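This report concerns only the one structure given below.
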Amino acid sequence: MRLSTALPPSRLDGGLRALSTAANHSVLWIGVAAGMGLAGGRARRAAVRGLLSVAGASALSNAVLKPIFPRRRPPEGTLGFATRRGLPAPRSSSFPSGHSASAAAFATGVALEFPLAGVALAPVAAAVAYSRVHTGVHWPSDVAVGLGVGGTVALATRRWWAVRDEEPATLGPDRSTQALPDGEGMMVFANPGSGTEDDGVRAELESLLPRAVVVEFDADRDFDQQLDEVISTRSPKAIGVYGGDGTVVTVASAAVRHDLPLAVFPGGTLNHFARDAGVGDVASTADAIAEGSAEVVDLGRVRVDGRQESTFVNTASLGGYPDSVRLRERWQPRLGKWPAAAFAMVRVLASAEPLTVTIDGAEHAVWMLFVGNGRYAPADQVPMSRPDIHRGTLDVRYLLADRRFSRLRLVAAALTGTLGASTTYVQKNTDAVTIEIDGDPVALATDGEVVADGRLFQFRSEPHRVVLYRKL
């Protein structure tokens with residue numbers, strides 16, 4: 001403190017005073033978060049985690065620690081300290097520094113989701129923390145503890161909101177397949193109704209694969225029929241798909257029927273499969289096509305009431321889960337995935353009616369049920385990533401309604417990060433599961449679309465079924 005107050009007056013004084021003032025009530029961090037939110041993607045997710053971390057750190061510092069550990073502010077003009085540098089003396093306890101806690105919480109929370117942005121924010125957070133000493137309103141120990149509180153709170157958010165692993169899922173084994181330089185011999189099926197008006201991916205696709213033939217689906221005709229007709233008459237060596245998850249699963253099914261390798265190009269609003277499988281980069285996929293580099297990936301299958309099977313590449317769901325997914329997707333751009341998922345679950349649970357089901361011979365009442373193609377992670381929280389899609393595994397999760405106060409317990413477990421320990425939550429990995437509904441038929445949603453109503457659902461994994469072009 002003496003070293004700081006002994007510094008001669010300089011332009012630094014005004015800058016630190018302004019920075020400290022800007023951080024009042026976390027206005028600085030809210031402004032930074034708003035800018036990051038406009039960028040979307042990882043930046044938006046990082047901003048949401050940063051603000052939630054700030055909220056937790058601020059509440060802990062100001063509402064809990066300050067009342068428990070009251071401490072006087074550094075004295076003004078006594079004990080050899082210089083006169084305060086222009087900031088009014090706060091009336092609250094000096095210990096710990098709420099500004100420092102919020103600064104560390106925001107920078108650490110952002111860094112968990114977006115490390116480069118966290119590195120850029122770290123000097124700003126450090127400057128805010130030091131400004132509290134430089135302006136004479138906090139002891140250095142207040143700041144040190146505040147930084148520790150903020151960083152700890154931000155790190156603790158991982159317990160109830162897992163950090164999404166940006167690494168793609170492991171596939172395999174490797175498979176050599178048709179090498180098609182410039183895409184010669186490949187037909188790419190495009191869904192003009194998918195995604196947004198941004199055609200950057202398609203333009204890149206056509207530039208890197210000039211010999212590939214792009215066929216647009218006719219929205220008024222059955223996609224499966226169109227695929228079978230074109231493949232049968234033109235005999236491509238491989239097929240590709242430009243579209244979202246719903247289009248991907250349709251073309252993937254055709255690739256299996258006609259024993260052809262598949263290339264996936266993200267071109268829809270939802271591109272979960274492309275992201276998870278590590279084929280979101282058009283240039284890398286084009287290189288894989290030219291080299292004949294591929295790996296195998298599993299498919300999920302479900303037979304409804306003994307009829308023809310449907311395919312899914314991501315997830316299938318029953319009960320309130322389809323409704324919660326729709327709400328989550330609607331709110332996710334503004335809130336981020338975990339908060340949107342949590343609020344959506346609360347909303348759906350508040351109005352949902354439990355389903356009486358028999359799961360592999362055991363009777364249960366459930367609020368919602370999720371079946372994932374491959375293994376999802378984490379197992380004890382809202383799933384955020386998919387580590388692998390090649391082990392013949394279905395990830396089955398359901399929320400039990402036949403426990404006392406099950407709704408309240410589920411919400412409390414989700415918010416406190418104890419979902420995995422809750423008796424109302426079940427998660428298991430298996431290669432097949434059979435679910436029978438006791439009552440009226442219910443809707444089945446696969447990859448975000450309702451595909452059938454039924455009472456008997458037989459799920460299974462079909463391992464190593466799709467040969468997918470991917471750069472090794």
Q. Pick from the range 377-392 the residues that are in contact with a Ser or Thr (Cβ under 7 Å, 6 or more places away or on another chain) and outside any strand (DSSP E or B): which of them is farthest from residue 432 (Cα to Cα)?
A. 390
Q: Kindly check whether there is at least one residue in the range 249-257 that is surrounded by fewer than 24 Cβ atoms within 10 Å (Cβ to Cβ), part of a loop (DSSP other than H, G, I, E, B) and either in contact with a Gly (Cβ under 7 Å, 6 or more places away or on another chain) or touching a residue at least 24 places away in the same chain (Cβ under 8 Å) (or both).
A: no
Q: Please name all residue pairs, on different chains or six or more residues apart, with Cβ atoms under 8 Å, provided the first residue is in the range 194-206 and is in a loop (DSSP other than H, G, I, E, B) and the second residue is at pLDDT 85 or above.
A: 194/242; 194/243; 194/244; 194/246; 194/247; 195/243; 195/244
Q: Report, by residue number, each residue of the range 1-48 that is β-branched (Val, Ile, Thr) and in contact with a helix residue (DSSP H, G or I) (Cβ under 8 Å, 6 or more places away or on another chain).
A: 30, 32, 48
**Q.** Answer residue from the range 327-371, given it is within 15 Å of the chain's Cα centre (by Cα) and either assigned to a strand (DSSP E or B) or loosely packed, with under 15 Cβ neighbours inside 10 Å (or both) and is modelled with the highest pLDDT among those
**A.** 330
Q: Go through 406, 385 for me and flag whichever is surrounded by fewer than 22 Cβ atoms within 10 Å (Cβ to Cβ) and either closer than 19 Å to residue 299 by Cα or not assigned by TED's automatic domain parsing to the domain that holds residue 444 (or both).
A: 385
(Q) Take residues that are among the aliphatic types (A, V, I, L, M), surrounded by fewer than 19 Cβ atoms within 10 Å (Cβ to Cβ) and at pLDDT 90 or above and tell me which of the helices (runs of 4 or more DSSP H) falling wholly in the range 1-82 contain 1 or more. (A) 11-22, 27-39, 41-59
Q: Just one of (1) modelled with pLDDT of 95 or more; (2) not in a helix (DSSP H, G or I) trips up residue 148, so point out which.
A: (2)
Q: Any chance you could count how many residues in the range 265-297 are surrounded by fewer than 23 Cβ atoms within 10 Å (Cβ to Cβ), in a strand (DSSP E or B) and out of contact with any Phe, Trp or Tyr (no Cβ under 8 Å at 6 or more places or on another chain)?
A: 1
Q) What number goes with the only condition from (1) of a type outside the set (A, V, I, L, M); (2) at pLDDT below 90; (3) within 27 Å of the chain's Cα centre (by Cα) that residue 135 does not pass? A) (3)
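Given the residues 308, 226, which is the only one that is over 30 Å from residue 49 (Cα atoms) and surrounded by fewer than 17 Cβ atoms within 10 Å (Cβ to Cβ)?
308
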Q: Considering only the range 372-382, state which residues are in contact with a helix residue (DSSP H, G or I) (Cβ under 7 Å, 6 or more places away or on another chain) and surrounded by 18 or more Cβ atoms within 10 Å (Cβ to Cβ).
A: 381, 382
(Q) Suppose the filter is touching a strand residue (DSSP E or B) at 6+ places or on another chain (Cβ under 6 Å), modelled with pLDDT of 90 or more and not polar (S, T, N, Q); does residue 451 pass it? (A) no
Q) Is it fair to say residue 439 is touching an Asp or Glu at 6+ places or on another chain (Cβ under 7 Å) and either within 30 Å of residue 266 (Cα to Cα) or in the same structural domain as residue 340 (by TED's automatic domain parsing) (or both)? A) no
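The values are calculated or read from the model by the stated rules, or taken from the named source; none is laboratory data. Since we're looking at a predicted model, the values are computed, not measured. Counting neighbours? That spans all protein chains shown, and the Cβs are built from the backbone with ideal geometry, glycine included.
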